[in-house]
Amino acid sequence: QAPRGRAQAVGGARAFTLRGGTQTQGYAMALFRALVGATVLLIRRSASATSSPASADGGVQAQLGKYVITGAVRGPSAFRVRVLPAGSAPFETPMVDPSVTDAASESFEGDDGPGIRTAFGSLAIAADGSFTLRGPGGEVLTRSKPLSDASELQLSTKQKALYGKGAAPPDALTLTCDRAKPLVCNRATYTPYYYSADGYGALGAVNSTQEASLPLEYKTNGAHITWAFGEALELYLFPAPTLVGGTKAYYDLIGRPAVLPRYAFGFGASRWGWEGRSYMEDVIKKFRSDEYPIDYFITDFEFFATETDYNFLPAGKGSYNDFGWNPKLFDEPQKQLAEYRRNYNMRMAGIRKPRIGNTQTLNKIRSKGWVLPNGEPGGGYPPEGHYADKRCLDFSNKDVRFWYAGHMAHYTTEGVDFWWNDEGETNYWTYHFWNIAESTAVGWKAPGKRFFSLNRAFTPGMARMGAAVWTGDVTANWEDLRGTPGMMLNWVIGGAPYVGCDIGGFNGDTNGPLLTRWMQVGVFMPIMRVHSVISAKPHWPWLFGEVPARAIRLALELRYRLLPYHYSLAHKLYETNEPWIRPLAMEFPDDAKAAGIVTQWMDGDIMASPVVRQDSNIDIHLPEGLWYALGAHPKASMSVVVQGGQSFDYNASLDFIPAFVRPGTVLPLAPVVQHTEALPGGPLEVQVYAGADGAFDLVEDDGETTAYSSGKVRKTAFKWDDSARTLSWNITGDAEAAGSKAFVKVFATLFDKDSRHILESEPLELGSAGKIHFHQRDLLP
């Protein structure tokens with residue numbers, strides 16, 4: 001019999017069991033001076049005033065040759081440098097959140113020329129059109145060369161490598177680059193953003209596109225970073241001493257990522273080729289009967305059409321229905337979807353393409369000039385050829401968006417929960433404006449409902465709408481599995497905090513071990529879903545043998561145990577603009593080896609280190625300090641402690657997922673549930689890893705609506721006092737925010753380096769506050 005320890009809790013003694021054994025007032029003034037043929041204008045504005053995107057710029061301005069260069073504050077932590085041909089109107093990029101409030105600023109005169117100063121740094125523009133960016137302590141971060149008519153801007157640097165470009169498969173295994181050109185493509189997204197270890201980040205914008213790319217590029221040679229931009233440029237600069245700070249400042253500008261609906265943090269099953277209603281329902285029932293936790297399924301062309309449109313000519317086809325239902329799968333869609341929700345707690349998403357196939361509809365929209373002249377790029381990365389020519393909608397036109405929303409709205413009424421947006425690389429901004437149209441449709445029919453979509457590529461700022469992204473049509477092989485974490489990390493730094501992938505690989509046939517290992521990677525990704533091409537075996541766990549099926553079930557159970565953890569991290573992201581998915585280079589900037597690792601990453605406080613090799617071997621690097629093996633795995637029966645500052649090889653059994661946490665980690669876990677509607681499902685487990693003080697804020701809400709954005713949340717602040725060996729908590733906010741999904745009981749689990757045992761308390765009522773105390777004597781050798 002396992003030995004028992006004692007602990008004191010609010011309300012009296014509780015028994016514990018040992019598991020296993022083991023702003024500056026501003027001024028209003030204008031100063032005009034003529035210097036060397038250049039004009040410099042300095043304007044001060046009240047530091048207490050707020051601004052809007054439509055307000056006149058307050059800042060500094062210089063004219064040189066054909067260009068006017070202006071500097072101003074934009075958003076809470078950025079400067080905007082505009083380089084425009086004289087007489088041309090400024091533009092606003094879709095990437096910047098129009099609702100952001102500009103930071104307080106004051107003007108000054110300095111050696112670098114007139115400038116503007118904020119709490120986060122200063123920007124000065126000289127008479128020759130050059131500018132100087134300084135940090136909050138006055139340190140020079142970068143200086144530009146005098147502006148010329150060459151449509152290039154050069155910034156000083158000491159860095160040959162920059163973060164934040166995005167990624168494609170060829171560079172998925174590295175976080176840095178020496179150049180980037182913005183592009184959206186199947187299997188690739190490159191952004192006009194970088195973070196430089198010089199101590200700042202930069203986001204470039206232009207007012208034109210080149211189909212799926214922008215006529216904009218940056219590159220570094222280690223002495224200068226050169227922006228090539230054509231006729232006009234907006235350059236947003238964020239002083240920040242670290243990659244963490246730079247990424248946060250970037251997200252501050254492009255907009256707070258919306259909290260996705262709770263079910264999005266579960267698991268989903270997708271495929272191309274659902275055969276019919278009976279097959280679809282059999283699959284839903286099988287997931288439930290065999291207890292593979294799941295919340296949604298996703299359908300391809302077959303949900304609305306009886307054929308694909310890949311071979312259609314520009315004229316389209318008269319019988320094609322772009323906004324209907326395929327009766328083979330959905331002969332009574334509203335009734336079916338209601339039943340799937342009611343009986344199986346399964347939600348449905350459908351695919352959308354940004355084009356039209358019906359002849360009559362095409363004639364109508366062409367007469368209005370609503371169709372792009374080009375088609376969709378073909379293949380993967382780099383793209384090859386094109387298709388769907390002269391059938392793709394121009395979503396940058398607000399009339400197109402209004403029309404499209406009108407045709408899409410009925411789906412929300414009928415029960416479609418979210419959209420899977422595919423093949424939207426018809427223009428660099430298609431995905432952005434397409435999501436606006438879709439969210440409009442949802443808002444018309446379900447006011448207050450959270451909008452959620454999954455997109456094949458992204459542009460910075462889409463996440464503020466609730467748009468997530470997946471990494472495109474990957475191939476079912478170990479190489480693409482190994483590249484998946486790096487794609488995710490590069491895209492997160494590039495502006496997409498919610499990333500998923502086609503688990504198991506889209507193209508080609510997968511196998512049991514490959515699918516299992518990919519599922520284990522998916523546990524620690526923001527979005528987790530399987531998907532496969534029509535010709536491949538669907539990625540249903542039971543089709544790959546008993547051993548892989550059991551390991552996949554364990555991975556899904558871990559995913560669902562992490563629901564309160566991941567959902568709370570999503571709220572923290574919304575509140576702070578700090579992504580919880582982070583490369584080791586961001587978390588451990590002084591660890592030279594960690595800087596190059598992309599197959600391990602931080603999922604909040606968890607270092608995910610899953611297997612991505614066919615031989616089940618993994619090279620694990622643990623930065624300095626003490627590390628615990630994550631104890632959320634069902635097999636955990638003792639505290640396993642490893643000293644960091646070392647790397648080691650490990651061979652993992654198929655059902656094991658290596659992951660680690662540091663002392664002071666406070667980790668909230670749900671019981672194993674089969675879907676998010678089953679929450680809370682029992683007491684909340686709070687795991688504590690002793691050796692340092694720690695804290696975690698558990699955030700709960702209704703999981704469905706935008707009420708959280710107006711403060712309708714319940715927050716439970718857990719704190720671990722290591723010296724007192726006490727876990728305490730205090731609940732604030734709206735006590736009813738989560739309704740029946742709120743946790744009402746809690747128990748604590750203690751992992752301690754001084755004992756091999758894992759100590760568990762009995763469940764307590766959460767109430768409005770409480771504490772659990774562990775006695776030292778509870779820890780037995």
Rounded FRET efficiency, nearest 0.05, which uses the C-beta distance separating K286 from V642 and R0 of 30 Å: 0.15
Relative contact order, percent, the stretch 213-303 [alpha-carbon distance under 8 Å, six or more residues apart]: 22 percent
Kirkwood hydrodynamic radius (C-alpha pairs) into Stokes-Einstein, the stretch 353-451, 4 °C and 1.567 mPa s, D in µm²/s: 92 µm²/s
Pairwise label distance in nanometres, N374 with V140, each label 7 Å out on the Cα-Cβ vector: 4.0 nm
Equivalent ellipsoid, the stretch 611-684 (semi-axes from 5 times Cα gyration tensor eigenvalues, Å): 27, 18, 10
Percent of alpha-carbon pairs separated by more than 20 Å within the stretch 699-761: 43 percent
Cβ-placed point charges (K, R +1; D, E -1), dipole of the stretch 201-359 about Cα centre in debye, nearest 20: 420 debye
Cα centroid separation, the stretch 620-667 to the stretch 418-487 (Å): 33 Å
Linear extension gain, R342 paired with D178, 0.36 nm per residue minus alpha-carbon span: 53.8 nm
Loop sites in the stretch 296-394: chymotrypsin sites (Phe, Trp or Tyr not before Pro), DSSP, at most 13 other Cβ within 10 Å: Y310
For the stretch 144-214, the Rg and Dmax computed from alpha carbons only, in angstrom: 13.4, 39
Distance histogram in 10 Å bins (all Cα pairs of the stretch 238-345, percent per bin): 11, 30, 22, 18, 15, 4
Carbon and sulfur %, accessible surface of the chain computed with the full protein complex present, 1.4 Å: 51 percent
S278-S653 pseudo-label distance in nm [points 7 Å out on the Cα-to-Cβ vector]: 4.1 nm
Value of Rg/Rh across the stretch 447-605 [Cα atoms, Kirkwood radius]: 0.97
Value in Å of the Kirkwood radius, where the stretch 420-483 supplies the Cα pairs that are averaged: 12.9 Å
Residue-span extension gain [S710 to K219] - 0.36 nm each, minus C-alpha spacing: 172.6 nm
Descending Cα extents along the principal axes, the stretch 648-710, whole Å: 47, 32, 23
Two-decimal Rg/Rh across the stretch 567-628, once Rg and the Kirkwood Rh are taken from alpha-carbon atoms: 1.02
Rounded Å value of the spacing that divides the Cα centres of the stretch 180-221 and the stretch 291-360: 35 Å
If the convex hull is drawn through the Cα atoms of the stretch 300-401, its volume per residue in Å³: 138 Å³
Calculated from backbone phi, Karplus (6.51, -1.76, 1.60) coupling profile of the stretch 198-203 in Hz, x at Gly/Pro: 4, x, 7, x, 9, 10
Computed helical MRE - 222 nm, the chain, DSSP H runs ≥ 4 contributing -39500 (n - 2.57), nearest 500: -6000 deg cm²/dmol
Nearest-0.05 FRET efficiency for K335 and H386, computed from C-beta distance (R0 30 Å): 0.15
Surface accessible to a 1.4 Å probe, K160 within the full protein complex, Å²: 150 Å²
Under 15 Å, Cβ to Cβ, from F506 - net charge with Lys/Arg +1 and Asp/Glu -1: -3
Cα-based convex hull volume of the stretch 577-730 per residue, rounded to whole Å³: 154 Å³
P(r), alpha carbons of the chain - 10 Å bins starting at zero, rounded %: 3, 13, 22, 24, 20, 12, 5, 1, 0
Segment W444-N507, extension gain: residue separation times 0.36 nm, minus the distance between their alpha carbons: 19.0 nm
Inter-label distance for Y310 and N397, nm, one decimal - labels placed 7 Å from Cα along Cα-to-Cβ: 2.9 nm
Of the GluC sites (Glu not before Pro) in the stretch 656-751, those whose Cβ has at most 14 other Cβ within 10 Å and which sit in DSSP loop: E736
Rg and Dmax [Cα atoms of the stretch 71-208; Å; Rg one decimal, Dmax integer]: 16.1, 49
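The values are calculated or read from the model by the stated rules, or taken from the named source; none is laboratory data. Given the structure is predicted, the values throughout are model-derived calculations rather than measurements. Backbone-built Cβ (ideal geometry, glycine too); neighbour counts: all protein chains shown. Accessible surface is based on the protein model in full, side chains and every heavy atom, while ligands, DNA and RNA are left aside. Shrake-Rupley method; radii C 1.70, N 1.55, O 1.52, S 1.80 Å.
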